[in-house]
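The values are calculated or read from the model by the stated rules, or taken from the named source; none is laboratory data. Source: prediction; values computed, not measured. Cβ sites come from the backbone with ideal geometry, for glycine too, and all protein chains shown count toward neighbours.
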Amino acid sequence: MTNSSSLIDGLEVYVLNNPEEVTPHWVSHFIVPTANELLVKIKNKDGNSGFGLATSYTDISPLIKPFSNGISDFIIGEDPFSPEKVYEKIFKLTDTRTSSEKGWSREALIRISAALDIACWDLMGKASNIPLYKLFGGFRNKVPVYVTCAYYREGKDEKELRDEIKKLVQLGHQSFKVKVGGLSIKEDFKRLEIIREEIGSNKNLMIDVNRAWDLKTALEGVKEFEVFNPTWIEEPVRWEDDRRSLRELSKRTRIPLSGGESENTIYGCRSMLEENAIQILQFDCTMFGGFTGGRKLASLCEVNHIDIAPHHDCYIHAPLVASTPAGKILESFDDVRDPLQSELFDVKHQMKNGWIYLNNNPGLGLNISENSLKKFGKLIYKNK
């Protein structure tokens with residue numbers, strides 16, 4: 001029987017807003033949307049606490065609405081030591097009359113279930129005094145990390161691109177994911193020449209198309225870009241027939257293909273694996289699945305010889321990637337691209353020379369900075 005003092009009795013929810021960019025970044029065919037976060041904090045009567053994040057690249061107000069009209073009733077009193085049960089309870093609301101009557105969107109419930117799940121695992125790790133990377137499996141205590149860069153921007157010329165990459169090299173980065181697809185293959189080839197020249201031949205180069213190419217263009221692109229020896233090409237084809245197109249493309253190139261961040265559930269990611277469409281899966285635990293779903297995908301990838309390289313939130317994803325032989329690498333951004341991520345934690349894992357070294361603090365190993373919470377956050381719900 002569950003001890004009542006271990007049940008969730010405290011719930012706080014914040015919206016964390018990244019500042020709007022003065023000069024927007026572009027990827028292949030759209031402006032990069034601002035990444036805002038929903039922060040969910042839970043605690044129980046035993047004094048244990050945990051937090052989780054959900055990332056939103058669209059209007060975050062649908063994620064706020066459930067906390068104004070009753071979703072807390074489905075959270076308070078639940079057992080955080082049973083994260084599978086808690087996750088399923090919130091996720092399954094997507095199929096209920098309740099969500100329709102209350103106006104809770106499917107996307108909102110998927111995001112909230114992810115954040116709450118991460119919070120449960122964080123609390124469980126803290127209560128057990130065990131870091132999550134060890135609780136999940138403890139395969140290693142450091143993970144490679146790349147920096148996403150070379151966005152398009154109005155007026156950005158070759159000199160600015162070269163200076164950007166030089167600065168990142170000087171900061172010690174060893175792996176670089178760069179944007180293509182917004183220009184012709186010939187023009188992007190020139191940009192890739194500059195980048196490879198600046199990082200040298202011994203550093204990793206990933207190429208992100210952000211779903212810009214049709215299959216015919218993708219076949220041409222992978223052929224032209226092979227000379228740069230990319231570690232992978234990410235989301236190379238358009239969304240409408242991506243699984244079939246990825247499968248066909250993977251048959252005709254030696255370059256590994258990656259994807260998964262644009263899926264909405266772990267089941268969509270499973271379908272990509274079933275199609276033999278990719279060699280690297282890039283799910284995002286803060287957008288769907290939480291750690292409960294992420295661990296299932298990691299295990300599925302491991303037994304199918306697929307690597308995982310989760311999208312965004314490197315400090316959140318670090319314990320999962322470090323826990324499994326399938327864990328390949330994490331994603332980071334510079335301070336200009338994502339100031340919220342760079343300032344959010346005052347205790348975090350060390351990032352140095354292309355690696356993240358996980359600390360041995362229990363749970364996530366992270367602490368939310370109160371200054372950052374005041375700077376970026378707005379409290380939208382507190383039960384007591």
For the stretch 232-254 the number of residues that are buried (at least 22 other Cβ atoms within 10 Å of the Cβ) and either assigned to a loop (DSSP other than H, G, I, E, B) or of a type in the set (Phe, Trp, Tyr) (or both) is 3
Which pairs turn up if I take residues in the stretch 359-380 that are buried (at least 16 other Cβ atoms within 10 Å of the Cβ) and look for partners that are part of a helix (DSSP H, G or I) and among the hydroxyl-bearing types (Ser, Thr, Tyr) with beta carbon separation below 9 Å, at least 6 apart in sequence or on another chain? Pro362/Ser128; Gly363/Ser128; Leu364/Tyr315; Gly365/Tyr133; Gly365/Tyr315; Leu366/Tyr315; Ile380/Ser68
Return the residue satisfying two criteria in turn: it lies in the stretch 160-191 and is of a type in the set (Asp, Glu) and over 13 Å from Phe228 (Cα atoms), and of such residues it is farthest from the chain's Cα centre (by Cα). Glu187
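Do we find that Ile207 is assigned to a strand (DSSP E or B) and assigned by TED's automatic domain parsing to the domain that holds Ser332 in this structure?
Working: assigned to a strand (DSSP E or B): yes; assigned by TED's automatic domain parsing to the domain that holds Ser332: yes.
Taking the combined requirement at face value, the residue satisfies it.
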Hey, can you tell me all the residues within the stretch 9-25 that are within 24 Å of Leu344 (Cα to Cα) and outside any loop (DSSP other than H, G, I, E, B)? Gly10, Leu11, Glu12, Val13, Tyr14, Val15, Leu16
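Which one is surrounded by the fewest Cβ atoms within 10 Å (Cβ to Cβ), of the residues in the stretch 108-145 that are assigned to a helix (DSSP H, G or I), among the β-branched types (Val, Ile, Thr) and in contact with a strand residue (DSSP E or B) (Cβ under 7 Å, 6 or more places away or on another chain)? First the steps, then the outcome.
At the first step, the residues of the stretch 108-145 found to be assigned to a helix (DSSP H, G or I) are 108-128, 132-135.
Applying the additional criterion that residues be among the β-branched types (Val, Ile, Thr) yields 110, 112, 118.
Right, trim to in contact with a strand residue (DSSP E or B) (Cβ under 7 Å, 6 or more places away or on another chain) and you get 112, 118.
Values: Ile112: 26, Ile118: 32.
Ranking the qualifying residues of the stretch 108-145, first place goes to Ile112.
Restricting to the stretch 146-159, and then to whatever is surrounded by 12 or more Cβ atoms within 10 Å (Cβ to Cβ) and not in a loop (DSSP other than H, G, I, E, B), can you tell me which residue is farthest from the chain's Cα centre (by Cα)? Break it down stepwise before answering.
Restricting attention to the stretch 146-159, the residues satisfying the condition of being surrounded by 12 or more Cβ atoms within 10 Å (Cβ to Cβ) are 146-153, 156.
Restricting the remaining residues to those that are not in a loop (DSSP other than H, G, I, E, B) gives 146-149, 152.
On the way: Tyr146: 13, Val147: 13, Thr148: 12, Cys149: 16, Tyr152: 21 Å.
Per the stated criteria, the residue is Tyr152.
When the residues of the stretch 1-35 are narrowed to those that are polar (S, T, N, Q) and without any contact (Cβ under 8 Å) to a residue 60 or more places away in the chain, which ends up nearest to Gly290 (Cα to Cα)? Even if it seems obvious, please write down each step before you answer.
As a first pass, look at the stretch 1-35 and keep what is polar (S, T, N, Q): 2-6, 17-18, 23, 28, 34.
Remaining after also requiring without any contact (Cβ under 8 Å) to a residue 60 or more places away in the chain: 3-5, 34.
Working: Asn3: 25, Ser4: 25, Ser5: 24, Thr34: 21 Å.
The qualifying residue nearest to Gly290 (Cα to Cα) is Thr34.
Is it the case, given these coordinates, that Val169 is in the same structural domain as Asn359 (by TED's automatic domain parsing), out of contact with any His (no Cβ under 7 Å at 6 or more places or on another chain), within 26 Å of Asn210 (Cβ to Cβ) and in a strand (DSSP E or B)? First the steps, then the outcome.
Details: in the same structural domain as Asn359 (by TED's automatic domain parsing): yes; out of contact with any His (no Cβ under 7 Å at 6 or more places or on another chain): yes; within 26 Å of Asn210 (Cβ to Cβ): yes; in a strand (DSSP E or B): no.
Judged against the criteria, Val169 is not a match.
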Given the criterion surrounded by 14 or more Cβ atoms within 10 Å (Cβ to Cβ) and touching a Pro at 6+ places or on another chain (Cβ under 7 Å), identify the matching residue among Asn36, Asn18. Asn18
Hey, Arg191 among the basic types (Lys, Arg), in contact with a helix residue (DSSP H, G or I) (Cβ under 8 Å, 6 or more places away or on another chain), closer than 28 Å to Leu320 by Cβ and crowded, with 17+ Cβ neighbours inside 10 Å or not: no
